[in-house]
Amino acid sequence: MNATDFLILLVDASGGSVQGRTLLQKRAFFVTVLVDLDVDLGFDAHFYGPYSSVVDNGVTQLKNLRFIEECVTAYGTDIAGFEMKRYDYKLTADGQQIAATMRESPEYRQIGTCVKRLSEAGNLNYMELSIAAKAVYILRKKAKGMSKQEIISEAHKFDWNIMPSSLETAVSFLEKLNVLNQ
């Protein structure tokens, strides 16, 4: 499966739209953690946790092909003067047609099951989901069990600030997904 097919299936399984670039990245990350799909998205450490340039490039390709539309919502500026925006993604009619042809595939069922599991584990906002993804990323890099304090300490090596209270929410979510023992 290539990255663009994966993204079409992911957005379709998410109800045809995803609100936020970060949320799209984190859903893609968790789907690749939860199932063994033949797709290499190459996630690396980034400001909001695991990030894939392959996902980002795939979204750009799908926008250029007019299979996904991007809607930008501005929210003013932050305290440093930078403009705050949210990028939402929605399958176009052509994108929906492509997704419809792939809905019977085993990959679609796997992705759909994962999206449902993510929702059932706790419909986290993009920041909470980012913290959960950071924790999983750290645990997978270390390939061993770690305490909450060890995860927080390791996160500082990536310049990620994780508050213990935020990690509590993330750990509860990860326990429901049953990914802490993988």
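Taken together, the values in this text are just the output of simple stated rules run on the coordinates, not laboratory data. Owing to the predicted nature of the structure, the values given are computational and were not obtained by experimental measurement. For neighbour counting, all protein chains shown are included, and Cβ atoms are generated from backbone atoms with ideal geometry for every residue, glycine included.
Listed values, structure above:
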| item | result |
| --- | --- |
| Neighbour-count ranking [beta-carbon atoms within 10 angstrom, fewest first] of 157, 26 | 157, 26 |
| With Cα atoms, 0 to 90° folded angle of helix 148-157 axis to the chain main axis | 70 degrees |
| Set of aspartates and glutamates with alpha-carbon distance to residue 116 below 18 Å, sequence-local pairs under 8 removed | 12, 36, 104, 107, 128, 175 |
| Unit charges on C-beta of K, R, D, E only; dipole of the chain, Debye | 300 debye |
| Overall dimensions of the range 3-177 as given by Cα atoms, namely Rg and Dmax in Å | 16.4, 48 |
| Cleavage-rule hits (trypsin sites (Lys or Arg not before Pro)) in the range 33-88: DSSP loop, at most 16 neighbouring Cβ within 10 angstrom | 66 |
| Links that overshoot a 25 Å alpha carbon limit, given the list 85/142; 90/142; 90/148; 63/176; 26/90 | 85/142; 90/142; 90/148; 63/176 |
| Contour minus Cα-Cα distance for residue 63 and residue 17 (0.36 nm per residue) | 15.2 nm |
| Those residues of the range 1-34 whose amide nitrogen sits under 11 Å from the label point placed on residue 87, 7 Å along Cα→Cβ | 20-25 |
